[in-house]
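**Student:** Below: one structure in structure tokens.
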Amino acid sequence: MRAARPSVPYVVKLSVVVPFFNVQRYAPDTLRSLRANARDDFEFLLVDDCSTDGTPEILERAVREVPGAVLLRHERNGGLATARNTGIDAARGEYLAFLDGDDWLAPGHLPQLLDAIEELGCDFVRTDHVRCTGRERSVRRVPVGRRGEVLRPRDAILPAHRTTSVDYPYAWAGMYHRRLVERGLLHFTDGLRTAEDRPWIWRLHREADSFAAVSTLGIFYRRGISTSLTQIGDMRQLDFIRAFDQVIEETASDGDDADRFLPKAVRTYCAIIAHHMGSIERFEPPVARKLRAMSAAALRRMPQDVLREALDAMDADRSAVLRRLRRRPAAAGGGSVGSGSAGVGA
């Protein structure tokens, strides 16, 4: 990795980590929005994850044009989780935030969010966002009813049968105090190419001391991009299994609260498997076969008493799909995701 870091004489209040991979069409919007959020005590860590299009040239110009911009380059493509970790390791700010290289911010959003977290004095804040699919816009709210109030993150994990804060995993929808980095809570699992934010959000809620949901609305999340991993049906998508295996393993080791939290973790894992099975036609045939085998193996690895309760509580259609999967004969090599390079996905 090569880093082009200008000398900065000021104390950094906020570090914003922004990974980029082959987003030359969208990067200019992202960078303009950073410029509209710049302050003398902000730095923008632009991580080029070995792009092969015109993105590197756009980022080189940005270092000259965007106040506080710092360019970090990967020599090898590592994926979104690894790119974010590169930025976290280079960050000097008292607070950290994230943005993806194909999304953008409203002018003044970052200063507004920084004011909120400083006033509240908590470990992290979560905020709403605007989902953009073509010309359509829709607001997505943090699933926390009490706004602007410091809460205990563990209390926001349950109930198992409802959408809660751990089901809103977007790293860029918030701001985080540096003490989370020092406690080892802000880094992502290296190499995860999708669902990288699921173990991350669960760990934050299990181990951080305080958080709050705030109603700032200034993040624009671009959906439906052809290069996004949400739109690609190749082997990288199957990393969700490794991600949720990690959620289950870490939650099961949570001491006295493991029995309370495992039903939520298992139920969410089942819902994600059912979601992928419901759109299995978008996967390449070999990947679809691997998805079935790996999902069946994952279901057999889950705590079976908790799984039975989760399946009994799900709607009949999804439950039937998962029960059939669980009965599939075990296949050799069906329980792990192969390694390899991957792009940064939205």
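The values are calculated or read from the model by the stated rules, or taken from the named source; none is laboratory data. Computed from a prediction, not measured in an experiment: that's the story for all the values here. Virtual Cβ from ideal backbone geometry, glycine too; neighbours counted across all protein chains shown. Accessible surface areas use protein heavy atoms only, side chains included; no ligands, DNA or RNA. Shrake-Rupley method; radii C 1.70, N 1.55, O 1.52, S 1.80 Å.
**Student:** Out of all DSSP beta bridges with both ends in the chain, state the antiparallel percent to the nearest 5.
**Tutor:** If we restrict to bridges inside the chain, about 40 percent are antiparallel.
**Student:** Also: Skip the ligands, DNA and RNA, and give the accessible area per residue of segment 45-167 with a 1.4 Å probe, whole Å².
**Tutor:** For segment 45-167, the per-residue accessible area is 41 Å².
**Student:** Please state the charge dipole magnitude for the chain, taken about the Cα centre, from unit charges on C-beta atoms (+1 on K and R, -1 on D and E), reported in debye and rounded to the nearest 20.
**Tutor:** So the magnitude is around 1040 debye.
**Student:** Using amide H atoms built 1.01 Å from N in the peptide plane, name the residues 5+ places from residue 213, or on other chains, whose amide H lies under 5 Å from its own.
**Tutor:** Here the answer is 126, 148, 149, since their amide H atoms fall under 5 Å of that of residue 213.
**Student:** I've got another one for you. Just the Cα atoms of segment 158-215, one point each, no solvent: what log10 I(q)/I(0) does Debye give at q = 0.13, 0.27 Å⁻¹?
**Tutor:** -0.34, -1.35
**Student:** How large is the translational diffusion coefficient of the chain in µm² per second when you combine the Kirkwood radius over alpha carbon pairs with Stokes-Einstein at 20 °C and 1.002 mPa s?
**Tutor:** So the translational diffusion coefficient is about 103 µm²/s.
**Student:** Name the residue, out of 330, 293, 27, whose mean-square fluctuation peaks in a Gaussian network model built on the chain with Cα pairs under 10 Å.
**Tutor:** Of 330, 293, 27, the most mobile in the Gaussian network model is 330.
**Student:** Something else: Suppose all protein chains stay in the model; what accessible area per residue would a 1.4 Å probe give for segment 276-320, in Å²?
**Tutor:** Each residue of segment 276-320 exposes 50 Å² on average to a 1.4 Å probe.
**Student:** While we're looking at this one, here's another question. Once you have all Cα-Cα distances for segment 1-116, histogram them in 5 Å bins from zero and send the whole-percent values.
**Tutor:** 2, 13, 26, 27, 20, 9, 3, 0
**Student:** Roughly what angle does helix 197-207 make with the longest principal axis of the chain, taking Cα atoms, 0 to 90 degrees, to the nearest 10?
**Tutor:** Orientation of helix 197-207: about 90 degrees from the principal axis.
**Student:** Could you check which residue among 224, 68, 79 shows the biggest mean-square fluctuation in a GNM of the chain with a 10 Å Cα cutoff?
**Tutor:** Taking springs between Cα atoms under 10 Å, the residue moving most is 224.
**Student:** How are the Cα pair distances of segment 229-284 distributed, in percent, across 10 Å bins from 0?
**Tutor:** Cα pair-distance distribution for segment 229-284, in percent: 23, 44, 24, 9, 0.
**Student:** Taking all pairs of distinct Cα atoms, average 1/r, flip it, and tell me the Kirkwood hydrodynamic radius of segment 173-280 in Å to one decimal place.
**Tutor:** 15.7 Å
**Student:** Could you tell me how many degrees, from 0 to 90 and to the nearest 10, lie between the Cα long axis of helix 258-278 and the main elongation axis, the longest principal axis, of the Cα atoms of the chain?
**Tutor:** Tilt of helix 258-278: around 90 degrees.
**Student:** In addition: State whether segment 215-325 is rounded, prolate or oblate according to the following rule on the C-alpha gyration tensor (a ≥ b ≥ c being the square roots of its eigenvalues): a/c under 1.5 gives rounded; otherwise a/b larger than b/c gives prolate, and the remaining case gives oblate.
**Tutor:** Judged from the Cα gyration tensor, segment 215-325 comes out oblate (a/c at least 1.5, b/c at or above a/b).
**Student:** Once both axes come from the Cα atoms, what is the angle between helix 55-65 and the longest principal axis of the chain, in degrees from 0 to 90, rounded to 10?
**Tutor:** The angle comes out near 40 degrees.
**Student:** Next up: Run the accessible area of the chain with a 1.4 Å probe and give the carbon-and-sulfur part as a rounded percent.
**Tutor:** Percent of accessible area from carbon and sulfur atoms in the chain: 47.
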